[in-house]
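One structure is given below, encoded as structure tokens.
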Amino acid sequence: TDQDDGGIVKSSRKTITIPARGALSKSMGSDIIANLFGVTSRSFGSILVEGDVNRIAAVGGVSAQVDPNDATKGLKTAQVNTLFLDSPEVMGVNEEERRFAGIEKSVQRRTNLILREVAGQSCRVRLRLYSAAGAKMGESTVDVAASQYRQINDVFGASGMALGDGPFQSVEVTAQVVSGSGRVVGVATVNDNISRNPEIFLLALPGPTDGGPWVGF
């Protein structure tokens, strides 16, 4: 989605060969959006990897300056592993909710939610928010078109649950496909309002319920 061109959805396709036991060069891999795909405008979206995907390991990292006014302070990077289309994080219709507990809205941070359809089919997704005590705070249902990358800026705000300015902390977000043939990945991004540094979390199934204790998902 090209933010410098009115939000028009565009695509760029490149073919590369990775040598045996090799990797992308550091210069290319450090900014793959610009150096491989040639995208230099302000944009957001996703990357689909095709080919010998069973023979490679792929990890994406989103980086931002720790201090937007001082590059000498370095970068902070949020890492996300790639997913297969049949990974448990990919949800289909009427499957168990995928979830993440830890989104917030405060003077320091805000939370966005990304829904990415990966099967080329449209669907509807029900979103819910729960407080740390387990009380439901809000619910909404959104349409996700085939292959759409849908980003909800500020889950708590007008484009999300319309819960106001908060602050909200330690809130759980859940997502469930309730109709349609689409398959969706949910991603929560908790962003620093000052540096814009992201923390990125995949919505996932709950962890094991026996044999614990267990922490997280």
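The values are calculated or read from the model by the stated rules, or taken from the named source; none is laboratory data. Remember, it's a predicted structure, so these values are computed and weren't measured experimentally. With ideal geometry, Cβ positions are generated from the backbone for all residues, glycine too; neighbour counts draw on all protein chains shown. For the accessible areas, the whole protein counts, side chains as well, though only heavy atoms, and no ligand, DNA or RNA atoms are used. Shrake-Rupley method; radii C 1.70, N 1.55, O 1.52, S 1.80 Å.
Got a sec? Charge dipole of the chain, +1 on Cβ for Lys and Arg, -1 for Asp and Glu; which of Gly51, Ile8, Gln151 is way out at the positive end?
My answer, from the dipole projection, is Gly51.
If you work out Kirkwood radius over Cα pairs in Å from the coordinates, which of (i) 18.0; (ii) 18.9; (iii) 20.8 do you get?
Correct label, based on the coordinates given: (ii).
Using a 1.4 angstrom probe with every protein chain in place, what is the largest-first accessible-area order of Thr82, Thr15, Thr111?
Result, largest first: Thr15, Thr82, Thr111.
Whenever you get a sec, line up Val53, Val9 from highest to lowest accessible area (probe 1.4 Å, protein heavy atoms).
Ranking Val53, Val9 by accessible area, largest first, yields Val9, Val53.
Among the lysines in the chain, how many pairs, 8 or more places apart or on different chains, have alpha carbons under 24 Å apart?
The number of close lysine pairs in the chain is 5.
Are there any GluC sites (Glu not before Pro) in the range 91-174 that are in a DSSP loop and have at most 15 other Cβ atoms within 10 Å? List them by number.
Here the sparse-neighbourhood loop sites are Glu95, Glu96.
Kindly provide the trypsin sites (Lys or Arg not before Pro) of the range 26-75 that DSSP labels as loop, not H, G, I, E or B, and whose Cβ sees at most 14 other Cβ atoms within 10 Å.
Of the trypsin sites (Lys or Arg not before Pro), the ones in loops of the range 26-75 whose Cβ has at most 14 other Cβ atoms within 10 Å are Arg42.
Give me the number: length gained by fully extending Ala162 to Ser87, i.e. 0.36 nm times residue separation minus the C-alpha to C-alpha distance, one decimal in nm.
Full extension from Ala162 to Ser87 adds 23.8 nm.
Say each of Glu96 and Ala204 gets a label point 7 Å from the Cα, pointing the same way as Cα to Cβ; how far apart are those two points in nm?
Calculated label separation equals 1.3 nm.
Hey, any idea what % of the range 3-144's accessible area is carbon plus sulfur with a 1.4 Å probe?
Heavy-atom surface of the range 3-144 belonging to carbon and sulfur, 1.4 Å probe: 48 percent.
Roughly how many Å² is the accessible area per residue of the chain, as a whole number, for a 1.4 Å probe?
Spelled out: the 1.4 Å probe surface of the chain, per residue, equals 62 Å².
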